[in-house]
Every structure is written in C-alpha cells, then in structure tokens.
Amino acid sequence: MSCDSGFACCPENTTCSLLKGEGYSSVYQCLDPQKEVDSISLCPCKPGMPLAPSTTLKNVLIIGDSLSIGFTPLVNTQLADVALVQHAPWDTSDGGAEESRYFEQCLDSWVRSPSGILFYPDVIYFNSGMHNLGVNTTIEEGTSVNGQAGNTTEYYDQMDRITKRLVEFAAQSGGKTKLLYGLTTPYLCTPETDDIINLILNAGASKIMGEQGVPTVNTYGAIVDKCGNAPVANCFGVDNCYCPHCGGGYDFLANEVIAPAIRAALE
C-alpha cells in the first residue's frame, strides 16, 4: 500500500505514520493494530534513465549512489564524442541507488529504457557501498532504512546477487554489454569510517568482481594516491573533501580515472 506521499509503501491493512524526512528520504512507521511491533516503510523504486538510448552513439549506463550522480555529467562530457552517458536511477538531488538492498530490489527496473523496455547498453558502470556503513544495525533499530541506508553484514550477499544478475544480463545481450565496477571512494575525514569502506565493503566487492570476472575501477586508490590516507582536512582545494562528496575530486575521477576506463571498454 502506498503512503499518501507516494514515496513509501506499507503493507495492506496498516496505517502510514510519517516519522521523518520528505520525498524519497521520507520514513514512515507502518502501524498495524494486530501486531505489537510495527514495521518501517519500504521505498518504491525510483525512475531509471531519463532519455531514450542514442541511435548514433554508444550508450553507457551508470548505476550507483549520489557519488556517481556527482561525476556522471562530467563523464558524459568527457565521452561526448563516442557515447551518451546516463545515470540510473535518475535524480540529481538524492542518494541514487542508495544501499545494496535497495539496489538489488530495483535493479531490473533500472536496466530499462524510459519506455519500460529492457535496454542493453554498451557499458554498465556500477557502484555501491557508501550507504552500507551501518555496523550491526537493522531496519527495526532505525539506522538501516530501506531506500536510504543499509548495514555491512548484508552487503556482501546482496552485491554478490547484484553482480551475478548483471553478468547474466550482459550475457543476454549477446556480448554487447560490458561491465565495470567502481570501488567506493574513501571517507577522508574519519579513519574509522574509511576502514569500513576499505577493509569490509571494497574488500568484499573486489572478491566478488574477481570471482565473476568483472573489471574493477580503483577509484578508492586513485583518491588516496592524490590525497593521502584518512584523516585528510583538505584535498583538491576543498575542505572536508570526500566526506563523502568532493566537487574538485569529481573532476579528477571523471577525467583521469572513470572516463578513460569506460572509453577503453567501449573500444
């Protein structure tokens, strides 16, 4: 059952009660008179890529969180001579694909054109991790919320299923679609958070990609090489850079790391 806002869903025969937020960031308590423990709302899938696939250029689909939303326009500019680069889900103001649970929930709808037809791009670049920083948290505890934030313990299995689904999807394309996985960028302000990204999330994702034969783009290492290990107060001329976002850092990643990797895959 959709809540009044249309941005959250509760089970039938329950009542939606807004706890916090708005839009896709809204969280509702699903009140059930038949149960002592109330559930937390689910987030419906956001829309996928906004434009019809190009018929004259290659097509690149980037699926990821707000970090990838930040660099996608820059990658599109870098590859404008050879490809149309789009992001799924399409929203420039939120967390995109959010945590791995939501990514898995919505993946099948994000590999479709605006008309709803399955779409096989030339390259799919995907990333997930920054929204899985919760340690030993659950939806019931309120820290892990569907469509917003997940925990580290569920990340590996969910990313494994996501990657296997994308490998299967690429095979269905008859060899047209190539996959690239981008490691989660560092959290330079807080060493403890950065350790979760590097030692748990990226380590797990790297293992999965190795087993599934998906090339990995080491965006984490590229930033650390430029800025140093956390804690770092300023990089690329920006205070609190990559905590988790960084305007100047997006230019560097897009121009020097991600666009070249995608261009090589296209060639």
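The values are calculated or read from the model by the stated rules, or taken from the named source; none is laboratory data. Please read these numbers as outputs of a predicted model, since none were measured by experiment. Cβ coordinates were reconstructed from backbone atoms using ideal geometry, including for glycine residues, and neighbour counts include every protein chain displayed.
A few notes on this one:
- Summed over segment 239-255, residues that are outside any helix (DSSP H, G or I) and surrounded by fewer than 16 Cβ atoms within 10 Å (Cβ to Cβ) total 2.
- With respect to the conditions (1) assigned to a helix (DSSP H, G or I); (2) crowded, with 16+ Cβ neighbours inside 10 Å, residue 109 lacks only one, and its number is (2).
- Any hit, segment 224-243, residues being under 18 Å from residue 87 (Cβ atoms) and either in contact with a helix residue (DSSP H, G or I) (Cβ under 9 Å, 6 or more places away or on another chain) or outside the structural domain of residue 196 (by TED's automatic domain parsing) (or both): no
- Condition check for residue 88: under 16 Å from the mean Cα position of the chain (by Cα) and modelled with pLDDT of 95 or more: yes
- Within segment 184-232, helices (runs of 4 or more DSSP H) holding 1 or more residues that are touching a Phe, Trp or Tyr at 6+ places or on another chain (Cβ under 9 Å), among the aliphatic types (A, V, I, L, M) and buried (at least 20 other Cβ atoms within 10 Å of the Cβ): 203-212, 219-227
- Cβ-Cβ under 6 Å pairs, at least 6 apart or on other chains, segment 103-124 side more than 17 Å from residue 68 (Cβ to Cβ), far side of a type in the set (Val, Ile, Thr): 120/177
Here's the yes/no breakdown for (1) modelled with pLDDT of 95 or more; (2) under 23 Å from residue 215 (Cβ atoms); (3) buried (at least 23 other Cβ atoms within 10 Å of the Cβ):
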| residue | (1), (2), (3) |
| --- | --- |
| 119 | no, yes, no |
| 123 | yes, yes, yes |
| 135 | no, no, no |
| 140 | no, no, no |
| 145 | no, no, yes |
| 148 | no, no, no |
| 155 | no, yes, yes |
| 164 | yes, yes, no |
| 172 | yes, yes, no |
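- Test for residue 180: is it buried (at least 18 other Cβ atoms within 10 Å of the Cβ), at pLDDT 95 or above and in a strand (DSSP E or B): yes
- Residue in segment 52-61 that is of a type in the set (S, T, N, Q), part of a loop (DSSP other than H, G, I, E, B) and not assigned by TED's automatic domain parsing to the domain that holds residue 98 present: no
- Residue within segment 11-32 that is in contact with a strand residue (DSSP E or B) (Cβ under 8 Å, 6 or more places away or on another chain), in the same structural domain as residue 121 (by TED's automatic domain parsing), in a loop (DSSP other than H, G, I, E, B) and under 28 Å from residue 184 (Cβ atoms) present: no
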